[in-house]
Structures are given as structure tokens and as C-alpha cells.
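Here is the structure we will look at.
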Amino acid sequence: MFALIALTALFVAAIVLADVVRARMAVLEAESEARRAGRTMLASFEPGLLKYGLFGASVGEAETNLATKALEEAEAKEADGAAFRFFEAGRSSAGTFAVEPLYHLGDHRVFHRQILERMKYIAPIEFGNEVTEKIFQGRSQIAAAKQYAELTQQLQAVVNKREAALDQAWASAQAVAASAGRGSGSMQTLIDRLHVSLDEAEAANREVSKQLNAPAPRAPNGPETQFPHVTVYPPDYFVTYRTGAGTVASMDEALAEARAASADAAKEAALAAAGEDAANLSAARARAAAAAEREAELRSDLRRYVGEWLSARRALESKREQEGNAIRKEEANRRQAAETQLNRRRDNWKDLCTVETMPDYLKLAGPEGLFEKYRAYNEHASAGGIEPEMNADSAESFLTSAFRFTDAIGQLAGELLDETFVNEYAIVHFTYRTVDQQKYSVKLKTNIGDRDSHRLKGQEAEYILYGLPSCHMNLTAMHTELFVLRAGLRTMEELMKPETAAKAVSPWIALLTALAEGAKAANDDVDLLLSGEAVDTPFVPGVTMDYKDHLRLFYLLHSRDESTLSRMQALIELNTGIDLMKRYSALRVRSESSPAMLALPPVRKETEVVVSY
């Protein structure tokens, strides 16, 4: 009896344990089926997006039924086999899978991740060889040239300050000369004003000497550089200026005292004459005559000295003025030459812009356009356009903008971040201005799909970069920055040549001469780049860059905001007609099972899994 009871208990325990195991195995099989269903649905990804390296599947009732039917057919085939099964999963009779789409390609997080997964395999090879190393090799030379240009500009600013102070000093000196001997009482005020101007001019002159004696920046392995010729006045120039003015002030003071003494003596003689004091009258008149004679002598000496001092100063100022006029004339000529080259723009970039593209831009950039659709979903601020600090109103402002722009790109060229892969994705998978004109051998060929399906042929990458609402505006922006960069590089290259400074008689002439030559070379470079040719890279001998390389550099500068991703998504939908917000990369699949039990009551089990690419 005891043995029977023990065996019965063991038997019941074994059955219960078997039910537990069967329930657990049923759950595991339900999870496996749910994953199979999810993978089946994701396997039906959109082929139209494959050429962009994107994977996304549509999710609907038809796709869910298709996955369910595939699983049922697999189960039926398995059931027809002779394999022994320890349990039946007992999936719900409806055969339903509750499918919930989780993430779609319209989400920047998903879109960005898929771009990185694709481009990490192909972008570093081409990007590293074609761009980063090219501009990175010349980064130290670009930095040295920018520093040299900045020091030259600072030198010119100090020279201008000195010359302005000397102009003020000369005006004060002329006022001192005009006031001498008149007894107006303003002599000391004029002398003080003259000394202030001379102090400013002398301090600026010392700064000019200091900057000229400092070593000029030199690029590694580059030629010796020197600052342009600038006149430095010797210390005695200011000493004699002050000494002469001080002598005029002293003589004017002595004349004022003599004038007062003469007036007193004349008054005394008049009083003596009025009192009919013959004894004192003669002496008083003698003193008055002597005082008047002394006054006349001092006045004559003052006039003579003032004339000589003013004549000597006028000769020096005339020479300084002539030199200044010659320099300003030469600067004006150089500025005109530079601005002539800056204004010499071509129209050969407009050939791709036709009226047929306007409806497509309205679909992209309008208030209800595709860009706004993806921008609003991802909740980011809109951005686009060229660098706001670029100014081409004059040669001087253009020079400053070009150097700043060139240096900014040089600093970014050494960075290889996630943005680099996104940038390369835009250039590889979309068309740009010279995509059909490249005349060099591409080391890495990447399929960008059927270009006939691209609506904005030859301008997509530019639209992604600048985001402006027309072909003309985007290509104008690209053409402008292309010219600014080439002008900056060529100007720096010209400025670092020793003969440029040696031939210049002022810092601005050196800068404007370099700008004129640089802008001329830049215009020729842009013509070659737009024709698909490659041009030399300044400071890096033997290395060339083409339009595509420059496009990459501008992406480094501009594309650090989310608007570029939204513009890519908008272009993909425009080209394919596929709504990326309805193409999913991850699914949540729920399934129910009710395995048959031997002893325990049946229990419905719900399983949930997440499947993604």
C-alpha cells in the first residue's frame, strides 16, 4: 500500500512536472514563431529603398496575413513529417499575431543609424584618401599663412594709427605757429594737444618697429617670409618735433612778458608826462623805448624761428604726404585690380537650372513640403544657406572672410566623426553638379541606384547642403563658397611668397596684391572644377582636388545640424514616392498559445518579442 501510494505520488509529480515543462517549451516555441513571423515581415523590405542602403518594410493586414500563412504552411509541413513531438504548442485558433510597428525610417535616429551602418564600410576608404589627407597636409601652412595675414593687417592698422596721430600733430603744430605772438592765451592748450598726438604717434611707431623686428610666421618647410617695407621714424624725429614746439612756446611766453613790460613802461611814461615831471619823464621814456625795442626784437626772433620751424616741419610733412599719397594711389590700384577679379564671375554653373525643377522644389521646400514634414516630425529648427559672416562688399572685407572661411575648413579637415559618414552618404547616394563630368578614376565605385529616377539631377547634394528653395540659389551658394575657398587658398599661397612682401611698400599693398593674384587664379580654378577637372592644392605639391572633394569640405562646415537628414529623407521620398514614415525597421510581435495539459488546467500564454534589422 505504501509503495503504491509512493508510486502514485511520483507519477502525479512527474505529470505535473511534464506539464510545467510542456508549458515552458510551448512559450519558447511561441516566441520562436513570433520571431519567425517578424523576420518574415521584415524580409519583405522595400526594394526601392535598397539603392539608398535603407531597409524598411511596410506593415499592414496583408503583410501580417502573409506571415501567418507562411507559418501555418511550415507547421503543416512539419506535422506531416514522422518526427516525434513531445507536446503541441496549441497556438490560438485564429492564428493571429498582433504586430505593432515600432520605428520607421522617417525617424532621424533610425535613419541616422542605418546610414552609419552602411557608410562605415565604404566611406572611410574614399574619404580618407580623397579629402582628409589632402587638406590636412596643408593645414599647418594654411594656419601660418592666416597668422601672417593677420599680423600684416595688424601692422597696417598700427601704421594707420601712427599716420593719423601725425596728421593731428601737424594740424596742432600749424595752429601753434598761427597762434604764436598773438597773445591769445591758447598757446599752452595747443601745445598740450600737440604733445598728446606726438605721444600716440611715437607709441604706434615703436609698435611698428617691434612688429617688423619680430620673426614673420613661416610654414614648415616653406620659404623665408618677411613683412612688407614700412617707414619707421627715428627717435629724434619726435624729439625735434617736441623741442621745436617747446621753443616756440618759450619764445611766445618771453614775448608775452616783454609785451607786458613794454605796456607797463609806456604807461609809466604817460603818467610821468601827465605829471610834468621832467626828471622822471626822460628816464620813463627811455625805459619804454627799451621795452618796446625788446618786444620788437623778441617778436622778430619768434617770427623768424616759427617760420624756420614751420618750414622744416612742412618739408617733412610734405614728404610724408607725398609718400602717403603714392601708397594710397598704389593701394587703390591694387584694390581695383583685386575687386575686378572678385567681380569676374562666370555663369557656367547655371546650365542645370531649368524651369522644370521648380515644381519639385515646391514639393520639397514649400510650407507643406516634404522637408517640412520630416522636420516637424523630428522637431528640429530649420537651417541652411552659406556662412553668415562671409562679406564681399569690398576687397578688405572679402579678404578677412576668405581667410576665416579657409582656416575654418582647414581646422575641420582632420576630424573624422559620425557626421563625416552622413556627409559621404549624401555625396555617394545623390547627384551633384559634376557627377557626370568627373574625369579622374574613382578608387571606390558605389552604386547610387538608377539616376534616371532622381528628380533634381546634378543638384541634389547641393540642395541637401544649403537647403535653399531653388536650383539657382543652391548652385549660387555652392559657386560662391567654392570661389571664396579657392581665393583664400590662392591668396595665402601668393602672400607667403617672399617676393610679394619685398615688392610692397605697405602691408595693405602686399595683401591686395596677393588677393588680386589669388582671385584671378581662383576664377580659373572654379572654371576647371565646374568642368569636372581637378586643380592643384596650394601648400601640398602634387596633390589635386576636384569638385567632389570641395563639396565634402563644405559638408564638414555646414552639415552639423539635423536639417540635412530631413532634406535627405525628403529627396528620397521625392525620388521614390515612398513615405519613409510608413517603412519600419522594427516590429513588436505578440502571440498567444494554449498548450494541452495532462493534469493541470489549460492556461493561455501571451508572448511578446521585438524584431528589427
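None of the figures in this text is laboratory data; all of them are computed from the coordinates on show. The structure displayed is predicted, hence computed values, not measured ones. Every residue, glycine as well, gets a Cβ built from its backbone with ideal geometry; the counts of neighbours run over all protein chains shown.
Which order do peptides 545-556, 517-528 fall in by mean Cβ count within 10 Å, highest first?
Averaged packing, sorted descending, gives the order 545-556, 517-528.
Per residue of the range 264-270, what does 6.51 cos²θ - 1.76 cosθ + 1.60 with θ = phi - 60° give for ³J(HN,Hα)? Whole Hz please, x for Gly and Pro, Karplus curve as stated.
5, 5, 5, 5, 5, 5, 5
Rank by packing, highest mean first: peptides 504-513, 165-174, 315-324, 250-259, with packing defined as the count of other Cβ atoms within 10 Å averaged across residues.
The most tightly packed comes first, giving 504-513, 165-174, 250-259, 315-324.
Report, by chain and number, residues whose modeled amide H sits under 5 Å from the one on Ala586, excluding near sequence neighbours (fewer than 5 apart, same chain).
Leu102, Tyr103
Amide H neighbours of Gly458 under 5 Å, at least 5 residues apart or on other chains, H built in the peptide plane: list them.
Thr431, Tyr432
For the pair Asn333/Gln437, report the inter-label distance in nm, with labels modelled 7 Å from Cα in the Cβ direction.
Label-label distance for Asn333 and Gln437, simple model: 3.6 nm.
Would you please give the FRET efficiency between Glu608 and Val16, computed as 1/(1 + (r/R0)^6) with r the Cβ-Cβ distance and R0 = 30 Å, to the nearest 0.05?
After rounding, the FRET efficiency stands at 0.65.
Which FRET efficiency value, to the nearest 0.05, do you get for Ala62 and Glu379 by plugging their Cβ-Cβ distance into 1/(1 + (r/R0)^6) with R0 = 41 Å?
0.80
Amide H of Val232 versus every other amide H placed in the peptide plane: which residues, excluding those fewer than 5 positions away on the same chain, fall under 5 Å?
none
Full-extension gain between Ala9 and Val232, please, as 0.36 nm times their residue separation minus the C-alpha to C-alpha distance.
68.8 nm
How much FRET efficiency would the formula 1/(1 + (r/R0)^6) give for Leu271 and Ser394, where r is the Cβ-Cβ distance and R0 is 51 Å, rounded to 0.05?
It comes to 0.10.
Simple spin-label model, 7 Å along Cα-to-Cβ: Ala43 to Thr480 in nm?
5.3
Tabulate in residue order the Karplus-calculated ³J(HN,Hα) for the range 362-368, using 6.51 cos²θ - 1.76 cosθ + 1.60 with θ = phi - 60°, rounded to whole Hz; enter x for Gly and Pro.
Coupling constants for the range 362-368: 5, 5, 7, 9, x, x, 10 Hz.
Can you tell me the length gained on complete extension of the stretch Ala326 to Arg206, counting 0.36 nm per residue apart and subtracting the Cα distance?
40.9 nm
Step through the table entries Lys363/Lys548; Lys329/Lys497; Lys146/Lys319; Lys120/Lys497; Lys51/Lys520, compare each Cα-Cα distance with 30 Å, and write down the pairs that go over it.
Flagged as over cut-off: Lys146/Lys319; Lys120/Lys497; Lys51/Lys520.
Per-residue HN-Hα couplings for the range 173-180, Karplus 6.51 cos²θ - 1.76 cosθ + 1.60 at θ = phi - 60°, whole Hz, x for Gly and Pro?
4, 5, 5, 4, 4, 5, 7, 5
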